[in-house]
1. If Asp38 passes every condition in (1) at pLDDT 95 or above; (2) within 12 Å of ligand 2 (Cβ to nearest atom) but one, which one does it miss?
2. Gly53 versus (1) assigned to a loop (DSSP other than H, G, I, E, B); (2) modelled with pLDDT under 85: which is the lone unmet condition?
3. Applying the selection to the stretch 16-34, what residues are under 13 Å from the mean Cα position of the chain (by Cα) and of a type outside the set (Asp, Glu)?
4. Within the stretch 127-158, how many residues turn out to be over 20 Å from Leu101 (Cβ atoms) and either surrounded by 14 or more Cβ atoms within 10 Å (Cβ to Cβ) or not assigned by TED's automatic domain parsing to the domain that holds Cys54 (or both)?
5. Do the conditions hold for Ala4, that is, is it modelled with pLDDT under 90, within 12 Å of ligand 1 (Cβ to nearest atom) and part of a helix (DSSP H, G or I)?
Amino acid sequence: PRLANQIAAGEVVERPASVVKELVENSLDAGASKIEIDIEKGGHKRIRLRDNGCGIDKQELELALSRHATSKISTLDDLEQILSLGFRGEALASISSVSRLTLTSKPASQAQAWQAHCEGREMAVKLNPVAHPDGTTIDVADLFYNTPARRKFLRAEKTEFQHIDDVIRRIALSHPEVTFILRHNDKVMRRFLAVDKTDFAARIAAVAGQKFVRNAVYCHSEYHGITLEAWLGNEHVLRSSTDCQFSFVNGRGMRDKLILHAIRQAYESAWGTVEQPAFVVYLTVPPSDVDVNVHPAKHEVRFQQSRLVHDFISKTVADALQPQSD
Ligand code: ADP
Ligand code: MG
């Protein structure tokens, strides 16, 4: 399974930012209200995440690291098939196959915290009792140390950190109720303090700047069970905000072409050509109307009624952007 894990890791673990994304999503799944992420050297050297979530039972620790469907791989065809499907539900196993991973956890119900360390060709997991508060710490050191080809693709420290920062900002925008603290080489780079879970404006202000929220056009609309809540950048912030395009579908960050197209079209019809509109858009659709698993890695969705969704977004945004005539 070692080889299979490494091949799988190539898919899930593209770069340090992909590790961070998987780890943060696990913490959110665990109900954490505080997540601290420490990065060293753009994540090449170390990614350490601490949360105050539900923790992992001692007897589950090994399982969390080793569970892996790819152990069933016997032919190249199997492999190709799995690669084309992407790997879900196996992030920790994949990451541990290409790094020196230490997992420490204490569920509130357990008196003692346990630490699992995973390294070496057989992926032998060793368990030790340690001191640790309720919650989980995952330490991922020397990412890709044993996969030189993958390591070669790593960019400069600053670039890799930028990707990590993007991941954190994006996730933070859809979880105002969670505190996120991001450090790079011991310096605090982001500190988003928890607010009410519906207070998106406060979280957007923390992530995209007070100025963005103050100047943005706000809109909120509902149609056939679809709701759209959006903060639309005005001319003032447009030119400098190429990095501020965020869309969410049912709470998940998406870079969906249909959504982007609808928004761009709305800006163009309201204001003429706009190269990079800045926006934060939350779309909620009935779960039965959307397939989010079309392309998990590419953050794309498929809507049952894509035309309707597109036109609803486009019209709502265009209307909001029209200059008020009173
Ligand atoms: P998945 O999240 O798809 O189940 P992962 O490999 O990401 O697969 O995680 C494996 C398991 O380890 C999870 O299902 C969960 O039970 C446990 N786990 C991972 N991270 C955490 C965490 N931060 N807190 C609590 N449990 C965790
Ligand atoms: Mg996971």
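1. The failed condition is (2).
2. Status for Gly53: all satisfied but (2).
3. Pro16, Ala17, Ser18, Val19, Val20, Lys21, Leu23, Val24, Asn26, Ser27, Leu28
4. 3
5. no
The values are calculated or read from the model by the stated rules, or taken from the named source; none is laboratory data. Since this is a predicted model, take the numbers as computed values, not measurements. With ideal geometry, Cβ positions are generated from the backbone for all residues, glycine too; neighbour counts draw on all protein chains shown.
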